[in-house]
Amino acid sequence: MKIDVIRKLPDHMDTIVVLQTQSGDMKNFEYLPTDILDSIKVYIKDENYQFSYNSICTFHYMNHKHNSKVILCGAGEKDKLNADKVRTLCANITRTALKHKSSVMYMFMGFDMPINDVVFGHVVSEGCLLALYKFSKYLSDDKPKTIEALHIVIDTKNTRHLNRGIMEGRIYSEATILARNLVNEPANVINPESLSEAAKKTALNYGFSIEIFTYDKIKRLKMDAYLSVARGSKYEPRLIIMRYNGNPDNKTDVVGLIGKGLTYDSGGYCIKTAQGMVNMKNDMGGSAAVIGAMAAISTLKLKVNVVGIIAACENMISGDAYRPGDIVRSMAGKTIEVINTDAEGRMTLIDAIHYGIDREHITKVIDIATLTGAAVAALGTSFSAVMTNDDSLLEQLQQAADFSGENIWQLPTHLDYLDLIKSEVADLKNVGGPYAGAITAGLFIREFVEDKPWLHIDIAGTALKDKENGIYSYGGTGVGVRLLTGLVRNLEKELNKEV
Ligand code: BES
Ligand code: MN
Ligand code: ZN
């Protein structure tokens, strides 16, 4: 879909979108043809339409000159409007337009946006582009529906900022859609090898470098916690390392993004229920977020060094799979008693994190994972759980989340919880009992970040949606792509402040 800014209207407008704040009058719409404006006024009066937030109505306008669909969209109270809300409105406008088979939209606004032009352009394009997404490649009869263009009608000659924002939103959206596609592919298509191939293709397309390690190399690195999980599958593991060197002059700071890449999680010998297994093809949502973020970060040419690491594998059952009771030595040297083979994500993440610190010299550790059902139990599907050892890093993430609308909520890291993962026979056990499962999983990971600033993002509840809503469609959400990109952008500012 093309998105641009225009001042001059064509003779015919396929779809007219009117965005207005609550109880705003229709004075600011001198751009609309007067006959159409009059009919809108009549409609508003007849229907007592208030432009309350997210209320959308449509009607058809036809006379000797015009034949247009009209979409009225309420922005609610102006003081309460923010970037995320505008994004959602644009998504819902797009969904409405799709339903009415619109081809070209003209958007008119009756008020001054309370957000700046770059931000406005950004969220308009994200809202529209993400709402258009649907994973339909396996539907034989699905005719892909789309909208050709959105023209934002504004009386300004200076469209530079707006256009820059539109471009940015397009970059974020494309990277998010890339992640959604990876998540939505089933496990008979995406296995560790094909995931690594997808990462490689992304690296080539977006211009970051990539290295992929196969079993032998991973074995030589002594990543035995990771390998214990991988062993039960007929697919070999792949350690995927993506490097983006956006600030070669800076030899000290490297941001590490570590994504959980379980291409399938059956639970292993602690096998999941049939219902619990259905969505476990999506257990690589964290890695999809990292691949997407790498793409966006490279495209934006951020002046920062980033390494993305994915320990991709599949958690299956076989004569060679790991068992409850096994004791394995992680790459870092700490031993782990396997209490539950279904707590596999943390086993892979800690080796990936240690590899990142030891071999890639990452100085910040940011892990993102569909890690625990407990995070879903605690926060449901609209907040990701986060944990940290660095409040200022969390503050940067919070800012990114406020903008992207990918909500986060902090869980405590109090020392008491650490006792729950102490083992009698090894340095740690991989499960901390029935309570505080999201917290003990996070603390398990924290044991491997050494003294590095660390952020842990548990997206078990937010990686998927079971029905379309706003920018989300059924299936993978691509959560984390825009969040991590926003975070790295904030870090870019901070890292380049001193010099
Ligand atoms: N991948 C799952 C977590 C998950 C659950 C993600 C539901 C998305 C939706 C993870 O590997 C897992 O199985 N965790 C276990 C841990 C438990 C055995 C301590 C869980 O949450 O039940
Ligand atoms: Mn599991
Ligand atoms: Zn898992």
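The values are calculated or read from the model by the stated rules, or taken from the named source; none is laboratory data. Computed from a prediction, not measured in an experiment: that's the story for all the values here. A quick note on method: Cβ atoms are made from the backbone with ideal geometry, for glycine too, and the neighbour counts reach across all protein chains shown. Only protein heavy atoms, including side chains, enter the accessible area calculation; ligands, DNA and RNA are left aside. Shrake-Rupley method; radii C 1.70, N 1.55, O 1.52, S 1.80 Å.
When the Kirkwood radius is taken over all Cα pairs of the chain, what Stokes-Einstein diffusion coefficient follows at 10 °C and 1.306 mPa s, in µm²/s? Mind showing how you got there, number by number?
Values: Rh = 23.8 Å.
Answer, rounded: 67 µm²/s.
Within the stretch 411-499, list the GluC sites (Glu not before Pro) lying in a DSSP loop whose Cβ has at most 16 other Cβ atoms in a 10 Å radius. Could the numbers behind the result be given before it?
On the way: sites: GLU424, GLU447, GLU450, GLU468, GLU492, GLU494, GLU498; in loops: GLU424, GLU447, GLU450, GLU468, GLU498.
Counting only loop positions with at most 16 other Cβ atoms within 10 Å, the GluC sites (Glu not before Pro) in the stretch 411-499 are GLU424, GLU450, GLU468, GLU498.
Take each of the peptides 335-346, 113-124, 372-383, 272-283, average the number of other beta-carbon atoms within 10 Å over its residues, and list them starting from the highest.
Working: 335-346: 23.5, 113-124: 21.8, 372-383: 17.8, 272-283: 15.5.
For the peptides 335-346, 113-124, 372-383, 272-283, the packing ranking is 335-346, 113-124, 372-383, 272-283.
Could you point to the residue in HIS161, ALA91, ALA179 farthest towards the positive end of the stretch 52-196's charge dipole, with +1 and -1 charges on the Cβ of Lys/Arg and Asp/Glu respectively?
Of the candidates, ALA91 comes out farthest on the positive side.
Based on alpha-carbon atoms only, what is the radius of gyration of the stretch 175-223 relative to the globular estimate 2.2 N^0.38 Å? Could the numbers behind the result be given before it?
Values: Rg = 12.7 Å, N = 49, 2.2 N^0.38 = 9.7 Å.
Taking the Cα Rg and dividing by 2.2 N^0.38 Å, one obtains 1.31.
Placing unit charges on C-beta atoms (Lys and Arg positive, Asp and Glu negative, everything else neutral), compute the dipole magnitude of the chain about its Cα centre in debye, rounded to 20.
Working: 56 positive and 60 negative charges, 242 e Å.
Computed charge dipole of the chain: roughly 1160 debye.
Could you please report the charge total around VAL306, scoring K, R as +1 and D, E as -1 over all other residues with beta-carbon less than 13 angstrom from its beta-carbon? Kindly include the intermediate steps, with their values, before the conclusion.
Details: positive: ARG243, LYS301, LYS303, LYS364, ARG489; negative: ASP253, GLU360, GLU492.
Value of the local net charge: +2.
Return the percentage of antiparallel bridges among DSSP beta bridges fully within the chain, rounded to the nearest 5 %. Working shown, then result.
Details: 30 of 76 bridges.
Of those bridges, close to 40 percent are antiparallel.
Trypsin sites (Lys or Arg not before Pro), restricted to the stretch 448-499: which are DSSP loop and have at most 12 other Cβ atoms within 10 Å?
Working: sites: LYS465, LYS467, ARG482, ARG489, LYS493, LYS497; in loops: LYS467, LYS497.
Taking the stretch 448-499 and a limit of 12 other Cβ atoms within 10 Å, the loop trypsin sites (Lys or Arg not before Pro) found are LYS467, LYS497.
Order these peptides, 259-270, 404-415, 350-361, by their mean beta-carbon neighbour count within 10 angstrom, highest first.
Working: 259-270: 26.2, 404-415: 16.9, 350-361: 22.3.
Packing order, densest peptide first, comes out as 259-270, 350-361, 404-415.
How much of the calculated P(r) for the stretch 425-499 lies past 19 Å, in percent of all Cα pairs? Numbers along the way, then the final one.
Values: 1648 of 2775 pairs.
Every Cα pair in the stretch 425-499 considered, those over 19 Å come to 59 percent.
In the stretch 13-162, what % of DSSP beta bridges are antiparallel (nearest 5)? All intermediate terms of the calculation are to be shown ahead of the outcome.
Details: 7 of 23 bridges.
Within the stretch 13-162, antiparallel bridges account for around 30 percent of the total.
What full-extension length gain, to one decimal in nm, is calculated for ASP419 and LYS201 as 0.36 nm per residue of separation minus the Cα-Cα distance? Intermediate results must be reported in sequence, preceding the final value.
On the way: separation 218, 0.36 × 218 = 78.48 nm, distance 4.34 nm.
The span from ASP419 to LYS201 would gain 74.1 nm if fully extended.
Which values, in whole Å and largest first, are the semi-axes of the equivalent ellipsoid of the stretch 2-154 obtained as the square root of 5 times each eigenvalue of the Cα gyration tensor? Before the final figure, lay out the partial values.
Details: eigenvalues 111, 77, 44 Å².
For the stretch 2-154, the semi-axes come out at 24, 20, 15 Å.
Sorted from largest to smallest, which semi-axis lengths in Å does the alpha carbon gyration tensor of the stretch 351-499 give for its equivalent ellipsoid, taking the root of 5 times each eigenvalue? Spell out each step's value before the answer.
Details: eigenvalues 124, 100, 32 Å².
In descending order, the three semi-axes are 25, 22, 13 Å.
Which net charge results for the neighbourhood of ILE71, defined as the other residues with beta-carbon distances under 13 angstrom from its beta-carbon, given Lys and Arg at +1 and Asp and Glu at -1? Intermediate results must be reported in sequence, preceding the final value.
On the way: positive: LYS69, ARG95, LYS99, LYS101; negative: ASP14.
Local charge sum for ILE71: +3.
Which order, highest average first, do 316-326, 167-177, 452-462 follow once you tally other Cβ atoms within 10 Å for each residue and take the mean per peptide? Let's see the in-between values first.
Details: 316-326: 14.5, 167-177: 22.8, 452-462: 25.5.
For the peptides 316-326, 167-177, 452-462, the packing ranking is 452-462, 167-177, 316-326.
For the stretch 2-154, which whole percent of the accessible surface, found with a 1.4 angstrom probe, sits on carbon and sulfur atoms?
Numbers: 3650 of 7410 Å².
The nonpolar share, carbon plus sulfur, comes to 49 percent.
Per residue, how much accessible surface does the stretch 1-149 expose to a 1.4 Å probe? Answer in Å², no decimals. Mind showing how you got there, number by number?
Values: 7370 Å² over 149 residues.
Accessible area per residue: 49 Å².
Which loop-located trypsin sites (Lys or Arg not before Pro) does the stretch 13-104 contain, where loop means any DSSP state but H, G, I, E or B and the Cβ has at most 16 other Cβ atoms within 10 Å?
On the way: sites: LYS27, LYS41, LYS45, LYS65, LYS69, LYS78, LYS80, LYS85, ARG87, ARG95, LYS99, LYS101; in loops: LYS27, LYS65, LYS101.
Within the stretch 13-104, the qualifying trypsin sites (Lys or Arg not before Pro) (loop, at most 16 other Cβ atoms within 10 Å) are LYS27, LYS65, LYS101.
From Cα pairs below 8 angstrom and at least 6 apart in sequence, can you work out the relative contact order of the chain, rounded to a whole percent? Before the final figure, lay out the partial values.
On the way: 1134 pairs, mean separation 77.3, N = 499.
With pairs under 8 Å counted, the relative contact order is 15 percent.
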